[in-house]
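Below is one structure, written out as structure tokens, with a few remarks after it.
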Amino acid sequence: MSDLSYFAVIDGLRESASRFPDAPALLGPDTVSYGSLHRQACRIAARIQQAGVKPGARMAIWTLKGNDFIAAIWGALEAGLAYVPLDPCQPSARAAQILREADPEVMVAHPDLLSHLPGALPDSLRLVLFADGETTQTTPGLPVSSDRLGSLPDAPHEPFSPLPDTVATVLFTSGSTGVPKGVQLSYRNLHAFVGWAVGEFDLKADDVIANHASFHFDLSTFDLFAAARVGAAVWPIPTPQQSNIAAISEGIGRYGVTTIYAVPSILTMLTRAKLLGPDVAPSLRRVLFAGEVFPIFDLQAMAAQLRESCALYNLYGPTETNVCTAHRVTDADLARDQSVPIGRPLPGQTAHILDPETRLPVAEGAKGELVIEGSLVTPGYLNVADETIRTSHRTGRHATGDIVSSRDGVLHYHGRIDRIVKMQGNRVELGEIEAAIVRHPAVRQAATIHISGPRGSDLVAFVSCEAGRSPPSAIELLNHLRSLLPRYMLPRHFKIMSTLPLNPNGKIDMRQLTRIAEDQFLRAPEQRRLEEAEDA
Amino acid sequence: MEKKILSLLNENYALGLEEQLSLDTPLLELNILDSSTFFDLIEIIQAEFGVTVPLTEIKPDNFASARAIVRMTNDLLAPSAAA
């Protein structure tokens, strides 16, 4: 290999399995050692190769978060396949959409999830491996060969040696037209991030990482690949426990978690339940957060609860750059009542701040769109022909759509230029929600507005109905949306209008709708109760 | 108790249309309650009924619907009955 400093993430598992075969790789009810995790990855790779699937193909993984999911990821990489992780909590209609886009040749699936898949399996599929041993149900009439993940025999395989441009994974994010789009991450991208993270956080083999993020979420690449690089243990928080803070806290204590990387909403819940102090989380040394702005009052509360020596990092980046800037939170940041900076670009990355109209660099301190250039920028989207998407992302350069400013090289975030928002750390295209709402037979038009205030942010949907149809209730709309969208994309409030207001250009007047939404729905419950008390 | 909890929910988590939440509306599945509003509701219940919701009770099952919240609150009000 020409680039001597290049390190492929799959070699992290191979090296840790040979250096620390008995050390725990995965913690939980069933602890798995590095040696045993690598052996299972090799069995999966052997089965993939027996089925005649060649490197460069894709493997979809649709099962609950846990050891099987992780073994499947490593098995795909061991055989040279890109893994496509699907959110086990999303509606099956959306999973079916992603499967159509992803065209996988191999699929690791939970039988119960697969049995709910509407329509046929993708034509590309040549092998299905069933996850989760105790389930005996199989899909009758499966048109391709299948096996149980838990009962694969040892068999020889050809270990795959990836090049820097080999695609390691495809992560699907929300798409404006209603179809999720697949972001391809190369080994080069993962190497650039993992290499930096291991050094910056000084990760060691005795570290224990709590993996909160689901695997379709780019935060998980840290948990999986930085841990394997150094031989650290990972506690994958199982799907049903991801929103159960008592269970998370119990695991942090029991497994001696040193490092947690999560979205602010989860860290805030742990803080509010007083679960991050040295008494309950004695081994915690690093708290990393990303995915959305951490409201400063919540961040201050968390910092006050944590042991003083605990390092806090704000990591920033859209999936198309993974993490591309980072900032270690200082006491001075916490003393200011404003959001902490997103920090400086990672080594080897250049941040350009461009005027959205002229595309020329802005003056120091002025706001503009952040464009990232460097080895973290992903190779592009799977099957995307749309011109506007292609031009915002060229190899080695990504226009983030985020408005930032720079002071002394430190970047500050100021919001979006388009209609992408973050809900519980997940990227949400407001257009995807609207496309789902108008699929209700009574709905003619829909517009979704994002509002944010003291109690966090909410989605408000404005809906107009087809002539002669009686308006659906909010519960009916929510039930309709529940079969199409993940939970975090469901609007909190609905407002039916006879027609949606238009601006002078004849487009839906989003500004007017934003004003209505803020007037009507942007009030903290405490404030509402206070007003009622005054009235009484 | 049922009426009180439903009115607290309707007051604080109204969907914006004329209808009211019912005892069995799936609050978590429909995202009416989420991680950012969860603790506000716990604080409201604690203040309203003078109970402490212990950490072990802060789990999705207890907040899945108004009926589940009523059951949990009743259990918290009469802890010795079960003993």
Failed condition for A:LYS54, given (1) buried (at least 18 other Cβ atoms within 10 Å of the Cβ); (2) over 21 Å from A:ASP154 (Cβ atoms); (3) not hydroxyl-bearing (Ser, Thr, Tyr): (1)
Identity of the residue in the stretch A:279-289, within 14 Å of another protein chain (Cβ to nearest Cβ) and surrounded by fewer than 22 Cβ atoms within 10 Å (Cβ to Cβ), that ends up nearest to B:GLU57 (Cα to Cα): A:VAL280
Residue that is surrounded by the most Cβ atoms within 10 Å (Cβ to Cβ), among those in the stretch A:405-437 that are at positive phi and within 14 Å of chain B (Cβ to nearest Cβ): A:GLN424
Some residue of the stretch A:26-35 being on the phi < 0 side of the Ramachandran plot, in contact with a helix residue (DSSP H, G or I) (Cβ under 7 Å, 6 or more places away or on another chain) and free of Cβ contacts under 8 Å to residues at least 24 places away in the same chain: yes
Single match in A:PRO504, A:PRO491, A:PRO471 (criterion: facing chain B (nearest Cβ under 9 Å), in a loop (DSSP other than H, G, I, E, B) and out of contact with any Ser or Thr (no Cβ under 8 Å at 6 or more places or on another chain)): A:PRO471
Residue under evaluation B:GLU43, criteria (1) within 11 Å of the chain's Cα centre (by Cα); (2) at pLDDT 90 or above; (3) within 12 Å of chain A (Cβ to nearest Cβ), criterion not met: (2)
Options B:SER36, B:SER22; residue that is at pLDDT below 85 and within 14 Å of chain A (Cβ to nearest Cβ): B:SER36
Candidates B:GLU48, B:GLU29, B:GLU11 - the one that is within 14 Å of chain A (Cβ to nearest Cβ), under 29 Å from A:GLU518 (Cβ atoms), part of a helix (DSSP H, G or I) and modelled with pLDDT of 85 or more: B:GLU48
Lone qualifier among A:ASP223, A:ASP207 - being of a type in the set (D, E, K, R), at pLDDT 95 or above and farther than 26 Å from A:GLN424 by Cα: A:ASP207
Inter-residue pairs, beta-carbon under 7 Å, first closer than 18 Å to A:VAL421 by Cα and at pLDDT below 95 and in the stretch A:306-325, second crowded, with 24+ Cβ neighbours inside 10 Å and acidic (Asp, Glu), 6+ apart: A:THR319/A:ASP218; A:ASN322/A:ASP218
For A:ALA435: the one exception among (1) in a strand (DSSP E or B); (2) over 22 Å from A:PHE521 (Cα atoms): (1)
Residues that are surrounded by fewer than 24 Cβ atoms within 10 Å (Cβ to Cβ), within 15 Å of A:PRO24 (Cα to Cα) and not small (Gly, Ala, Ser), drawn from the stretch A:226-248: A:ARG229, A:VAL230
Segments classed as helices (runs of 4 or more DSSP H), wholly inside the stretch A:200-278, with at least 1 members that are within 13 Å of another protein chain (Cβ to nearest Cβ) and acidic (Asp, Glu): A:245-255
Residues of the stretch A:352-387 that turn out to be closer than 25 Å to A:SER176 by Cβ and either in a strand (DSSP E or B) or charged (D, E, K, R) (or both), as a count: 17
Residue satisfying all of: in the stretch A:494-530; in contact with a Gly (Cβ under 6 Å, 6 or more places away or on another chain) and modelled with pLDDT of 90 or more; surrounded by the fewest Cβ atoms within 10 Å (Cβ to Cβ) among these: A:LYS495
Subset tally (residues that are touching a strand residue (DSSP E or B) at 6+ places or on another chain (Cβ under 8 Å), within 14 Å of chain B (Cβ to nearest Cβ) and part of a loop (DSSP other than H, G, I, E, B)) for the stretch A:438-468: 1
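The values are calculated or read from the model by the stated rules, or taken from the named source; none is laboratory data. Note that the structure is predicted; figures quoted are calculated from it, not measured. Cβ sites come from the backbone with ideal geometry, for glycine too, and all protein chains shown count toward neighbours.
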